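Student: The structure is given below, and queries will be raised subsequently.
Bear in mind that the values in this text are calculations on the coordinates, not laboratory data. Everything quoted here is computed from the prediction, not taken from an experiment. For neighbour counting, all protein chains shown are included, and Cβ atoms are generated from backbone atoms with ideal geometry for every residue, glycine included.
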Amino acid sequence: MKKREYPKTVFRKKLIKGVFWTGFALVFFFSIIAIVRAGNTSAANKVEQPDTEQTSKVNLAAGEGAQTFAQEFAAEYFSWENTDEAKKSRVDRLSHYLANGLDEQAGLSFEGMEWNSKLTGSQVWKVEETGKDTALVTLKIKHELNRKIEPDPKEVEKAKKKKKKPPKAREETSGPHEKYFVVPVKTDGQSFVVNEIPYFVAAPSKPDITAKTEVDTEGKIIDSDLEKDIQGFLGTFFKVYTTGTQEELQYYVTGDEIKSMSNIITLQEVKDILVKKGKSKNQYVVHATVTFKENKSQAQVIYPYELSLVKKDDRWFVQEIKNK
C-alpha cells in the first residue's frame, strides 16, 4: 500500500503546531518547578520566623539585665544622709532609675529620720513576672546605719567653765541589717525603670525539708576481707587526693579526671564503709565517711562520699566520686 503524502502546506501546519505545543508544555513544566521552589523558600522562611517572634515575647523585665538594674537601684536607694544637700543628691541619683511622675525619693520620708544608711550587699532572691513587660525583683539586702551623737550641751558648758577640753561628737553604727526589698521593674525593650514605689516584705519562712542522711543498706555486701581491702585502698587514695599531685592522683583513677584537693584539705580518717555490688563485674559502689583537716584554719570537716570502684589486675581504681 502506498504511503499517503501530505501537501506541503498541511505538513508545515502540523510541524508548527507540534513545535507550539512542545514549547507550551516546557514552559508549563518549568513554571511548576519555579512555583514549588518559591513555596519551599517561603516555608523555610516561615520556619525561621518563630525564633524571632519568640525572642520578642521574652519579658526583659525578668531577665538578668533587669536584675542588675534592680541591684544598682538598691545601692542608690539605701544610700542616704539626713542633710538638705544629701537629700538633693539622692533625688538626682534616683532620677536615673524612676519612671516619670513617681515620688522623687521613691517613697522614703526623712521626717523623724535619725540615721544615715549605706548598702553593704544585695542578692537577687526572686523574680516574678507581672505582665509582658513588667516584673517584681525581690532582693535580699544588707545595709548599715550610722549617726553622729552630739555631746550634751550642759557637759560642754561645764568643760568650758573648768577650762577643759569639751566632749566631742561620737559616731554610732548599727547593723548590717538584713531585709527583703521588692523593686517593681518595667521595660520598653531597651532599658528599665522603677515604675512603682519599691517596698519591704517579710523574710521567707524556712522550708520544712528533711535532709536524707541515712545510707540505704539494701544490697550491702557482708564480706570482711573485701571491706578491709577497700578501706586500705581508700586510705591511700584519699591521702594522695589531698596531698599528691594531679599526675600522682591519676594513677588511682580510671575514667574522667578527678581534681586534686592538695593544699586545701588533708586526710585524717576514713570510716563507716558500706559496700554494694556495682552494675558490672568487679565494680562496687562504696559509701564512706571521711574526716579531713582544712589546711588554713586547721578545722576538721567530715564529708560523706559515694564512690564507684573497679578492680583490674588486682588493683583498685576510682571511677567516680560524689559528695553526698
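Student: Taking the Cα centre of the stretch 224-323 as the origin, how large is its charge dipole in debye, to the nearest 20, when only Lys and Arg (+1) and Asp and Glu (-1) carry charge on their Cβ atoms? Could you put the intermediate results ahead of the total?
Tutor: Numbers: 14 positive and 14 negative charges, 40 e Å.
Roughly 200 debye, rounded to the nearest 20.
Student: Something else now. Could you compute the FRET efficiency for Val58 and Glu128, with r as their C-beta to C-beta distance and R0 at 22 Å, rounded to 0.05?
Tutor: On the way: r = 16 Å, r/R0 = 0.71.
With a Förster radius of 22 Å, E is 0.90.
Student: Loop-only check: which GluC sites (Glu not before Pro) in the stretch 230-324 are DSSP coil with at most 13 other Cβ within 10 angstrom?
Tutor: Here the GluC sites (Glu not before Pro) that fit, given the DSSP loop and packing criteria, are Glu257.
Student: If r is the Cβ-Cβ distance from Asp314 to Lys279 and R0 is 22 Å, what FRET efficiency results, to the nearest 0.05? Walk me through the numbers before you get to the answer.
Tutor: Working: r = 21 Å, r/R0 = 0.96.
It comes out at approximately 0.55.
Student: Could you pull out the pairs from Lys179/Lys296; Lys118/Lys293; Lys142/Lys296; Lys281/Lys322; Lys118/Lys324; Lys239/Lys281 whose alpha carbons sit more than 31 Å apart here? The partial results should precede the final answer.
Tutor: Details: Lys179/Lys296 33 Å; Lys118/Lys293 38 Å; Lys142/Lys296 28 Å; Lys281/Lys322 21 Å; Lys118/Lys324 40 Å; Lys239/Lys281 27 Å.
Check vs 31 Å cut-off fails for Lys179/Lys296; Lys118/Lys293; Lys118/Lys324.
Student: When the chain is fully extended, how far beyond the present Cα-Cα distance does Asp256 get from Ile149, taking 0.36 nm per residue of separation?
Tutor: On the way: separation 107, 0.36 × 107 = 38.52 nm, distance 6.25 nm.
Additional length available on full extension: 32.3 nm.
Student: Using a basic spin-label model with each label point 7 Å from the Cα along Cα→Cβ, how many nm lie between Thr291 and Thr210?
Tutor: Using points 7 Å along Cα→Cβ, the separation is 2.8 nm.
Student: Given a Förster radius of 25 Å and the C-beta distance between Glu248 and Ile302 as r, what FRET efficiency does 1/(1 + (r/R0)^6) yield to the nearest 0.05?
Tutor: Working: r = 25 Å, r/R0 = 0.99.
The pair Glu248/Ile302 has a calculated efficiency of 0.50.
Student: Which order, highest average first, do 184-190, 312-318 follow once you tally other Cβ atoms within 10 Å for each residue and take the mean per peptide? It would help to have the intermediate numbers written out before the result.
Tutor: On the way: 184-190: 16.4, 312-318: 12.9.
Final packing ranking: 184-190, 312-318.
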